[in-house]
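Asker: Can you keep this structure in mind? I'll have questions shortly.
The values are calculated or read from the model by the stated rules, or taken from the named source; none is laboratory data. Remember, predicted model here, so these are calculated numbers, not experimental data. Every residue, glycine as well, gets a Cβ built from its backbone with ideal geometry; the counts of neighbours run over all protein chains shown.
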Amino acid sequence: MPRDSQKPDPEPAAPALGGDPASAEAVRRLERRVQQLLGERDELRRRAAAIEGLLRQALSGGRPGLLRLLGRKPAAPARKEAPKPPDGALVPHLGRGGARVVGVALFGLSGEARDAAVALAAARCAAADAVPLFLTDDPDLTRLRRAGHLAEYFPAQDRQAAAPDLDWPLYRRRRLELLRRKWGLATIIPFGPASAWVCETDPPP
(Lines give C-alpha, C1' and ligand atoms only; values in the text may rest on other atoms or scores of the structure.)
Protein backbone atom coordinates (compact mmCIF):
# COMPACT_ATOMS: atom_id res chain seq x y z
CA MET A 1 0.00 0.00 0.00
CA PRO A 2 1.36 3.52 -0.89
CA ARG A 3 2.71 5.58 2.03
CA ASP A 4 0.55 8.66 1.51
CA SER A 5 -2.59 6.57 1.59
CA GLN A 6 -2.06 5.62 5.21
CA LYS A 7 -4.43 7.42 7.74
CA PRO A 8 -2.90 9.11 10.80
CA ASP A 9 -3.46 7.49 14.13
CA PRO A 10 -6.41 9.10 15.98
CA GLU A 11 -5.63 11.28 19.12
CA PRO A 12 -6.42 9.62 22.37
CA ALA A 13 -9.82 10.80 23.77
CA ALA A 14 -9.84 12.87 27.02
CA PRO A 15 -10.99 10.82 29.90
CA ALA A 16 -14.54 11.60 31.00
CA LEU A 17 -14.78 13.42 34.35
CA GLY A 18 -17.39 11.08 35.48
CA GLY A 19 -15.07 8.31 35.10
CA ASP A 20 -12.32 9.78 37.32
CA PRO A 21 -13.34 9.78 41.03
CA ALA A 22 -10.62 12.29 41.96
CA SER A 23 -11.74 14.79 39.36
CA ALA A 24 -15.39 14.44 40.32
CA GLU A 25 -14.57 15.11 44.00
CA ALA A 26 -12.59 18.22 43.04
CA VAL A 27 -15.56 19.54 41.09
CA ARG A 28 -17.88 18.94 44.03
CA ARG A 29 -15.50 20.76 46.42
CA LEU A 30 -15.36 23.67 44.01
CA GLU A 31 -19.12 23.84 43.78
CA ARG A 32 -19.47 23.78 47.57
CA ARG A 33 -16.94 26.59 47.88
CA VAL A 34 -18.79 28.66 45.32
CA GLN A 35 -22.06 28.14 47.21
CA GLN A 36 -20.33 29.10 50.47
CA LEU A 37 -18.97 32.32 48.94
CA LEU A 38 -22.39 33.18 47.54
CA GLY A 39 -23.92 32.65 50.98
CA GLU A 40 -21.30 34.88 52.62
CA ARG A 41 -21.97 37.53 50.01
CA ASP A 42 -25.70 37.47 50.77
CA GLU A 43 -24.99 37.70 54.52
CA LEU A 44 -22.72 40.71 53.99
CA ARG A 45 -25.40 42.39 51.93
CA ARG A 46 -27.96 41.76 54.67
CA ARG A 47 -25.69 43.21 57.34
CA ALA A 48 -24.87 46.23 55.18
CA ALA A 49 -28.57 46.93 54.69
CA ALA A 50 -29.17 46.64 58.45
CA ILE A 51 -26.29 49.02 59.25
CA GLU A 52 -27.54 51.51 56.67
CA GLY A 53 -30.96 51.45 58.31
CA LEU A 54 -29.47 52.01 61.75
CA LEU A 55 -27.36 54.88 60.47
CA ARG A 56 -30.37 56.59 58.97
CA GLN A 57 -32.29 56.16 62.20
CA ALA A 58 -29.35 57.41 64.27
CA LEU A 59 -28.74 60.43 62.07
CA SER A 60 -32.40 61.36 62.19
CA GLY A 61 -32.12 61.31 66.00
CA GLY A 62 -29.04 63.55 66.03
CA ARG A 63 -25.89 62.97 68.06
CA PRO A 64 -27.57 60.97 70.90
CA GLY A 65 -28.89 58.42 68.41
CA LEU A 66 -25.46 58.06 66.78
CA LEU A 67 -23.83 57.54 70.18
CA ARG A 68 -26.34 54.83 71.02
CA LEU A 69 -25.47 53.11 67.74
CA LEU A 70 -21.80 53.16 68.75
CA GLY A 71 -22.64 51.72 72.15
CA ARG A 72 -21.94 54.94 74.06
CA LYS A 73 -24.22 56.72 76.44
CA PRO A 74 -25.13 60.25 75.42
CA ALA A 75 -23.65 62.85 77.72
CA ALA A 76 -26.02 64.49 80.14
CA PRO A 77 -27.29 67.79 78.75
CA ALA A 78 -25.38 70.76 80.03
CA ARG A 79 -27.26 72.71 82.67
CA LYS A 80 -28.26 76.04 81.26
CA GLU A 81 -27.79 78.97 83.56
CA ALA A 82 -30.68 81.34 83.91
CA PRO A 83 -30.03 84.56 82.01
CA LYS A 84 -29.01 87.41 84.24
CA PRO A 85 -31.53 90.24 84.34
CA PRO A 86 -30.32 93.53 82.90
CA ASP A 87 -29.15 96.20 85.28
CA GLY A 88 -32.11 97.83 86.88
CA ALA A 89 -34.59 95.01 86.20
CA LEU A 90 -34.72 93.92 89.85
CA VAL A 91 -33.16 96.93 91.55
CA PRO A 92 -34.24 99.92 89.45
CA HIS A 93 -31.66 102.40 90.77
CA LEU A 94 -28.89 100.31 89.15
CA GLY A 95 -30.18 101.44 85.79
CA ARG A 96 -29.46 105.03 86.77
CA GLY A 97 -25.71 104.77 86.81
CA GLY A 98 -25.52 103.29 90.32
CA ALA A 99 -26.98 106.37 92.02
CA ARG A 100 -27.06 106.46 95.82
CA VAL A 101 -30.23 105.19 97.45
CA VAL A 102 -31.54 107.21 100.38
CA GLY A 103 -34.13 105.77 102.73
CA VAL A 104 -37.12 107.96 103.56
CA ALA A 105 -39.24 106.80 106.53
CA LEU A 106 -42.94 107.76 106.32
CA PHE A 107 -44.25 105.79 109.30
CA GLY A 108 -47.50 107.12 110.75
CA LEU A 109 -48.07 109.59 107.88
CA SER A 110 -51.09 109.59 105.62
CA GLY A 111 -53.02 111.87 103.31
CA GLU A 112 -51.62 115.34 102.58
CA ALA A 113 -48.86 115.00 105.17
CA ARG A 114 -47.52 111.92 103.46
CA ASP A 115 -47.84 113.44 99.98
CA ALA A 116 -45.93 116.51 101.10
CA ALA A 117 -43.15 114.40 102.62
CA VAL A 118 -42.87 112.36 99.43
CA ALA A 119 -42.65 115.47 97.23
CA LEU A 120 -40.05 117.11 99.49
CA ALA A 121 -37.88 113.98 99.74
CA ALA A 122 -38.07 113.33 96.00
CA ALA A 123 -36.99 116.92 95.23
CA ARG A 124 -34.07 116.84 97.68
CA CYS A 125 -32.87 113.47 96.40
CA ALA A 126 -33.05 114.63 92.78
CA ALA A 127 -30.94 117.67 93.65
CA ALA A 128 -28.37 115.41 95.31
CA ASP A 129 -28.35 112.89 92.41
CA ALA A 130 -29.83 110.25 94.71
CA VAL A 131 -32.83 107.91 94.55
CA PRO A 132 -35.37 107.85 97.40
CA LEU A 133 -36.57 104.56 98.85
CA PHE A 134 -39.77 105.18 100.78
CA LEU A 135 -40.33 103.07 103.91
CA THR A 136 -44.01 103.06 104.86
CA ASP A 137 -46.47 101.26 107.08
CA ASP A 138 -49.25 101.82 104.53
CA PRO A 139 -49.83 98.46 102.72
CA ASP A 140 -51.08 100.28 99.60
CA LEU A 141 -47.94 101.11 97.62
CA THR A 142 -49.82 101.83 94.40
CA ARG A 143 -49.45 105.63 94.40
CA LEU A 144 -45.74 105.50 95.19
CA ARG A 145 -44.99 102.96 92.51
CA ARG A 146 -47.13 104.67 89.89
CA ALA A 147 -45.06 107.78 90.50
CA GLY A 148 -41.94 105.73 89.75
CA HIS A 149 -40.70 105.59 93.34
CA LEU A 150 -39.10 102.68 95.18
CA ALA A 151 -40.99 101.56 98.27
CA GLU A 152 -40.79 98.95 101.02
CA TYR A 153 -43.58 98.03 103.41
CA PHE A 154 -43.27 97.76 107.22
CA PRO A 155 -46.30 96.38 109.11
CA ALA A 156 -47.67 99.00 111.48
CA GLN A 157 -47.24 98.29 115.18
CA ASP A 158 -51.01 98.18 115.67
CA ARG A 159 -50.89 94.88 113.78
CA GLN A 160 -48.87 93.31 116.58
CA ALA A 161 -52.07 91.67 117.83
CA ALA A 162 -51.65 89.16 115.01
CA ALA A 163 -48.33 88.07 116.57
CA PRO A 164 -48.52 88.86 120.30
CA ASP A 165 -45.31 87.00 121.11
CA LEU A 166 -43.27 88.96 118.54
CA ASP A 167 -40.59 91.32 119.87
CA TRP A 168 -41.77 94.23 117.77
CA PRO A 169 -38.83 96.64 118.19
CA LEU A 170 -36.37 93.83 117.43
CA TYR A 171 -38.36 92.80 114.35
CA ARG A 172 -38.37 96.36 112.99
CA ARG A 173 -34.65 96.82 113.55
CA ARG A 174 -33.78 93.52 111.88
CA ARG A 175 -35.98 94.29 108.89
CA LEU A 176 -34.44 97.72 108.59
CA GLU A 177 -30.95 96.21 108.66
CA LEU A 178 -31.98 93.77 105.94
CA LEU A 179 -33.16 96.64 103.73
CA ARG A 180 -29.95 98.55 104.38
CA ARG A 181 -27.98 95.65 102.94
CA LYS A 182 -30.44 94.99 100.11
CA TRP A 183 -30.43 98.55 98.81
CA GLY A 184 -27.08 99.75 100.09
CA LEU A 185 -28.80 102.64 101.86
CA ALA A 186 -26.47 105.59 102.34
CA THR A 187 -28.70 107.12 105.00
CA ILE A 188 -32.31 107.14 106.22
CA ILE A 189 -34.31 110.35 106.65
CA PRO A 190 -37.24 110.17 109.12
CA PHE A 191 -40.44 112.13 108.57
CA GLY A 192 -42.78 112.41 111.56
CA PRO A 193 -42.39 111.28 115.16
CA ALA A 194 -43.33 107.64 114.41
CA SER A 195 -40.24 107.38 112.20
CA ALA A 196 -37.72 108.57 114.76
CA TRP A 197 -36.69 105.00 115.69
CA VAL A 198 -34.93 104.53 112.34
CA CYS A 199 -32.17 106.84 113.57
CA GLU A 200 -31.03 104.20 116.05
CA THR A 201 -27.51 103.23 115.19
CA ASP A 202 -27.13 100.10 117.33
CA PRO A 203 -27.05 97.00 115.10
CA PRO A 204 -29.70 94.36 115.87
CA PRO A 205 -28.53 91.44 118.03
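Asker: Answer yes if at least one residue in segment 147-159 is modelled with pLDDT under 90, over 21 Å from residue 99 (Cβ atoms), assigned to a helix (DSSP H, G or I) and under 40 Å from the mean Cα position of the chain (by Cα), and no otherwise.
Answerer: no
Asker: Show the residue pairs meeting these rules: Cβ distance below 7 Å; 6+ apart or different chains; first residue within segment 179-192 and among the aromatic types (Phe, Trp, Tyr); second residue surrounded by 17 or more Cβ atoms within 10 Å (Cβ to Cβ).
Answerer: Listed by first residue and then by second, the contacts come to 183/101; 183/133; 191/104; 191/105; 191/106; 191/109; 191/117.
Conditions (1) surrounded by 11 or more Cβ atoms within 10 Å (Cβ to Cβ); (2) at pLDDT below 85; (3) in the same structural domain as residue 172 (by TED's automatic domain parsing); (4) in a loop (DSSP other than H, G, I, E, B), marked per residue:
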site: 30; (1), (2), (3), (4): no, yes, no, no
site: 55; (1), (2), (3), (4): yes, yes, no, no
site: 59; (1), (2), (3), (4): yes, yes, no, no
site: 109; (1), (2), (3), (4): yes, no, yes, yes
site: 112; (1), (2), (3), (4): no, no, yes, no
site: 115; (1), (2), (3), (4): yes, no, yes, no
site: 124; (1), (2), (3), (4): yes, no, yes, no
site: 134; (1), (2), (3), (4): yes, no, yes, no
site: 140; (1), (2), (3), (4): no, no, yes, yes
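Asker: Do any residues in segment 112-132 that are more than 11 Å from residue 101 (Cα to Cα) have Cβ atoms under 6 Å from those of residues that are not in a helix (DSSP H, G or I), where the two are at least six apart or on different chains, and which pairs are they?
Answerer: Pairs that qualify, where the first residue is more than 11 Å from residue 101 (Cα to Cα) and the partner is not in a helix (DSSP H, G or I), are 114/106; 117/106; 117/109; 117/191; 121/104; 121/132; 122/132.
Asker: Out of (1) surrounded by 13 or more Cβ atoms within 10 Å (Cβ to Cβ); (2) out of contact with any Ser or Thr (no Cβ under 8 Å at 6 or more places or on another chain), the odd one out for residue 165 is which?
Answerer: (1)
Asker: If you take the residues in segment 187-205 that are part of a loop (DSSP other than H, G, I, E, B) and more than 19 Å from residue 132 (Cα to Cα), which one is modelled with the highest pLDDT?
Answerer: Looking only at segment 187-205, we keep the residues that are part of a loop (DSSP other than H, G, I, E, B), and these are 191-192, 200-205.
Filter again for more than 19 Å from residue 132 (Cα to Cα), leaving 200-205.
Working: 200: 69, 201: 51, 202: 48, 203: 45, 204: 43, 205: 44.
Applying the filter and picking the extreme gives 200.
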